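What follows is a short report on a single structure.
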């Protein structure tokens, strides 16, 4: 049976607390066990990371950092089949989704390996012989709090820019996916160019470890992906030590469908965009905002598409949507479906399937923008249809929630596509597509969808400081 341990100062560690089980959400079987962490272990890991930051040459060695990241990518690639199997088993998603997660994570690691050698400052001469040198330096110790829904991708997109920038790190994986995380950490621990203490990892125990990391005076940056509610708590708890926070939080992604849209394309993109990872992704399409003239046609197409989706175990080749993360979330979503039946018109009602955390897709029509069903992130295979009459109303509806993480616009009119995408308050707007994520392209949120950006060149920003060094060198005297 697999066992997930802590990793501190280059050593694998157990703990005093009783081992806990990790489950397969598709059949509720036990996959392995993990050592729960503690406040003491979290503080020790943070202290080790801080000592390593100041005592090693890591922060000043971009070529070493690049080499370590290339080694990490190579080791993940060598172990990718094993990690893919673990993702399917412990997370419940489709094998194709797990393959995509690994391919993307390996690619992003190599992307930041390249950027590690391309971090540049600038020099400005404000007066003759007066030089201002603006250096970009690592921010210090970064704490990375990883969610369960994409446990490799959402680790890599924070860890690799932090390491490329020269930070040392402490990681807290989600307690639903400790075995996946432990296998990735084994790849990292096997990198000869990575000094002991640069990366440390402590498993969670309720909320004890996360709270200790946020409060620790040894940590300078928090990178968190999760709910807006938890993000607010982290931001408040980080305030006494004035930590920098990078937060990618909740979303309620609208998809605006205009009357000239290619409905076949829209339905295909939005079926995938709303049901990938069983809808358990913050950029999933959640609200279909449809022009009145095509609303009925769109609804019928979406109902047919949703009905055709085969829900089942992620390892089964015929499955087109995997399980939820656990039965508790299945029950939570069933209560939401009951609420949707009361507040709107249920067009397709999702149902649990057999043994395990499975739930078929749901689609409902609603007209009240103030409803909790519109305003709250549901995080499951549930989407709504809302109707608009003109472009201004469509934009108003798209912007009607506190979230602004992602959106999409479907129209053949390029000028309209650009007008509407500029007017929607969202960190990402896809045109005639949904859920296209790239290592090179920044993502992040407006409003209560978060602070800062991940991926791309700007993904380095929260892990870097700018230092001004002023020199009065003087000018060479003239002849």
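Bear in mind these aren't lab numbers, they're just calculated from the coordinates by the rules spelled out. Computed from a prediction, not measured in an experiment: that's the story for all the values here. Every residue, glycine as well, gets a Cβ built from its backbone with ideal geometry; the counts of neighbours run over all protein chains shown.
For a protection proxy built on the mean count of beta-carbon atoms within 10 angstrom, sort 220-231, 361-372 highest first, please.
Ranked by mean Cβ neighbours within 10 Å, highest first: 220-231, 361-372.
Arrange 13, 287 by Cβ neighbour counts within 10 Å, fewest through most, would you?
Least crowded to most crowded, the residues run 13, 287.
Would you give the gap between the C-alpha center of region 69-120 and the C-alpha center of region 25-57, rounded to a whole Å?
20
Just subtract the alpha-carbon distance of residue 241 and residue 307 from 0.36 nm times their residue separation and send over the number in nm, one decimal.
18.7 nm
Please give the FRET efficiency for residue 297 paired with residue 375, using the beta carbon to beta carbon distance and R0 = 41 Å, rounded to the nearest 0.05.
Working from the Cβ atoms, E equals 0.90.
How much of the pair distance distribution for region 2-248 lies past 30 Å, counting alpha-carbon pairs only, in percent?
Percent of Cα pairs beyond 30 Å in region 2-248: 24.
Helix 295-308 versus the longest principal axis of the chain: what angle, 0 to 90°, nearest 10, using Cα atoms?
Once rounded, one gets 80 degrees.
What is the percent of Cα-Cα separations in region 322-464 that go past 17 Å?
68
Sticking with the crude label model, points 7 Å out along Cα→Cβ, report the distance from residue 20 to residue 232 in nm, one decimal please.
Taking the simple label geometry, residue 20 and residue 232 are separated by 2.5 nm.
Could you compute the FRET efficiency for residue 60 and residue 123, with r as their C-beta to C-beta distance and R0 at 22 Å, rounded to 0.05?
0.75
Of the listed peptides 115-128, 241-254, 147-160, what is their order by residue-averaged count of other C-beta atoms within 10 Å, with the highest listed first?
Per-residue Cβ counts within 10 Å, averaged per peptide and sorted highest first, yield 147-160, 241-254, 115-128.
What's the angle, to the nearest 10 degrees (0 to 90), between helix 327-343's Cα axis and the longest principal axis of the chain?
50
Test of understanding: express the Cα radius of gyration of region 138-221 as a ratio to 2.2 N^0.38 Å, with N the residue count.
In units of the globular-protein estimate, region 138-221 measures up at 1.02.
Would you mind pulling out the separation of the Cα centroids of region 190-256 and region 152-184, in Å?
11
Please report 403, 306, 446 as a ranked list, fewest other C-beta atoms within 10 angstrom at the top and most at the bottom.
Ranked by crowding around the Cβ, least crowded first: 446, 306, 403.
For Rg and Dmax of the Cα atoms in Å, one of [x] 32.2, 117; [y] 23.7, 91; [z] 39.2, 142 was computed from the structure I shared and the rest are decoys. Which label?
[y]
Using a simple spin-label model with points 7 Å from Cα along the Cα→Cβ vector, what separation in nm is obtained for residue 133 and residue 2?
Roughly 4.8 nm, to one decimal.
In nm, give the distance between the simple-model label positions of residue 451 and residue 468, each being 7 Å from the Cα along the Cα-to-Cβ direction.
Rounded to a tenth, the inter-label distance reads 2.2 nm.
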